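A.B. asks: Below is the structure I would like to discuss, written out as structure tokens.
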Amino acid sequence: MKRVLILGAKSDIAKAIAHRFAKTGCNIDLAARNSTLLEPLVKDLSIRYNCQAKTLEFDALDFKSHGAFYESLTEKPDIVICVFGYLGNQDNAQKDFQEAEKIINTNYTGAVSILNIIANDFEQRQQGTIAGISSVAGDRGRQSNYFYGSAKAAFTAYLSGLRNRLTKAGVHVITVKPGYVATKMTEGMELPQPLTASPEQVSEAIFQAIEKQKNAIYTLWMWQYIMLIIRSVPEFIFKKLNL
Ligand SMILES: NC(=O)c1ccc[n+]([C@@H]2O[C@H](COP(=O)([O-])OP(=O)(O)OC[C@H]3O[C@@H](n4cnc5c(N)ncnc54)[C@H](OP(=O)(O)O)[C@@H]3O)[C@@H](O)[C@H]2O)c1
């Protein structure tokens, strides 16, 4: 029976991931801040799927705690899905470095801090799967969210390098790039419905990508083509667009 560790388990996408993997008989470790709030989910997973799930206290920004956090896991995971993230506020980040730092540290430094530890363990054990949720926002910087976008771009590059390093150890690394997803993060935003995924669609895509040993995926699939177009716009035109 596989053990799945979900980092940032209070996210809407993470909850859908927990259901998707519990359905197939996996044990689920739900790591989050204020993780006791996830007890109802633990009960739900147990009743619905007879799943053994538990909550773990985890703060992506508390880098120094990450070693002890992973050490404390008596049973190490087979699959790790790094879901936590922080969109933040672009305008505030332009004026106040503290906001910029929080965006960078949550989406990039925190992920690197915990995944370094997990990657070393998986490399030694010569097994495991690491999936990281990045974003299409990392494919090209735009004026409306380049703090978040640049942190996700760095995360995408990190995952690419990690995949390159760990492939010879038999460790599988997947980069997940969602477009719009209807979650707490995008609450109140007017999102174009045909381009917006549900958390369930994202979790299904991640499940399938792990099964099929994919390297990188976009959710929804059309974002791959949208981003291809966006990346190919020449910079002298792109810099004048109101994006
Ligand atoms: N929604 C979208 O349109 C979209 C698009 C592309 C990529 N993504 C990415 O998808 C992932 C999941 O986001 P979501 O859409 O499901 O949004 P969400 O429901 O707002 O989830 C974000 C989660 O990250 C957690 N988090 C933030 N800082 C943390 C920290 N220091 N330590 C531990 N957990 C922390 C939050 O925990 P708390 O509940 O404790 O605040 C929250 O549960 C994120 O990486 C996001 O960047 C989302």
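A.B. asks: Applying a 10 Å radius around every beta-carbon, put 96-102, 182-188 in order of their mean neighbour count, most first.
C.D. replies: Going by the mean number of other Cβ atoms within 10 Å, highest first, we get 96-102, 182-188.
A.B. asks: If you fit an axis through the alpha-carbon atoms of helix 110-125 and take the longest principal axis of the Cα set of the chain, what angle between them do you get, 0 to 90°, nearest 10?
C.D. replies: The answer is roughly 50 degrees.
A.B. asks: While we're looking at this one, here's another question. Nearest 10 degrees, 0 to 90: what angle lies between the long axis of helix 39-49 and the longest principal axis of the chain (Cα atoms)?
C.D. replies: Compared with the principal axis, the helix lies near 70 degrees.
A.B. asks: Quick one: of 184/240; 15/177; 76/152, which pairs are farther than 20 Å apart, Cα to Cα? Intermediate values should be presented prior to the final figure.
C.D. replies: Values: 184/240 31 Å; 15/177 18 Å; 76/152 27 Å.
In this structure, 184/240; 76/152 exceed 20 Å between Cα atoms.
A.B. asks: For residue 53, which sequence-distant residues (separation of 5 or more, or a different chain) have an amide H within less than 5 Å of its own amide H, given hydrogens modelled in the peptide plane?
C.D. replies: The list, which skips near neighbours in sequence, is 28.
A.B. asks: From the Cα gyration tensor of segment 1-83, with a ≥ b ≥ c the square roots of its eigenvalues, which class applies: rounded if a/c is under 1.5, or else prolate if a/b is larger than b/c, or else oblate? Intermediate values should be presented prior to the final figure.
C.D. replies: Numbers: a/c = 1.87, a/b = 1.46, b/c = 1.28.
Prolate is the answer for segment 1-83, as a/c is 1.5 or above and a/b outweighs b/c.
A.B. asks: For segment 3-238, what relative contact order do you get, as a whole percent, if you take Cα pairs closer than 8 Å and at least 6 residues apart? Intermediate values should be presented prior to the final figure.
C.D. replies: Details: 417 pairs, mean separation 43.4, N = 236.
Over segment 3-238, the number comes to 18 percent.
A.B. asks: Order 217-223, 227-233 from most to least packed using the mean count of other Cβ atoms within 10 Å. Kindly include the intermediate steps, with their values, before the conclusion.
C.D. replies: On the way: 217-223: 18.4, 227-233: 12.1.
Those peptides, ordered most packed to least, come out 217-223, 227-233.
A.B. asks: Taking the Cα centre as origin and putting +1 on Lys and Arg beta-carbons and -1 on Asp and Glu beta-carbons, what dipole magnitude results for segment 124-243, to the nearest 20 debye?
C.D. replies: Numbers: 14 positive and 7 negative charges, 113 e Å.
The calculation lands at about 540 debye.
A.B. asks: Which aspartates and glutamates, on any chain, are close to residue 10 with Cα under 16 Å apart, when same-chain ones fewer than 8 places away are left out?
C.D. replies: Output for residue 10: 29, 39, 44, 57, 59, 187, 200.
A.B. asks: Quick one: Debye curve from the C-alpha atoms of the chain, no solvent, what's log10 I(q)/I(0) at q = 0.09, 0.13 Å⁻¹?
C.D. replies: One equal scatterer on each Cα of the chain leads to -0.37, -0.79.
Throughout, read-outs are computed from the coordinates displayed, never taken from laboratory work. Computed from a prediction, not measured in an experiment: that's the story for all the values here. All Cβ positions, glycine included, derive from the backbone under ideal geometry; neighbour counts span all protein chains shown.
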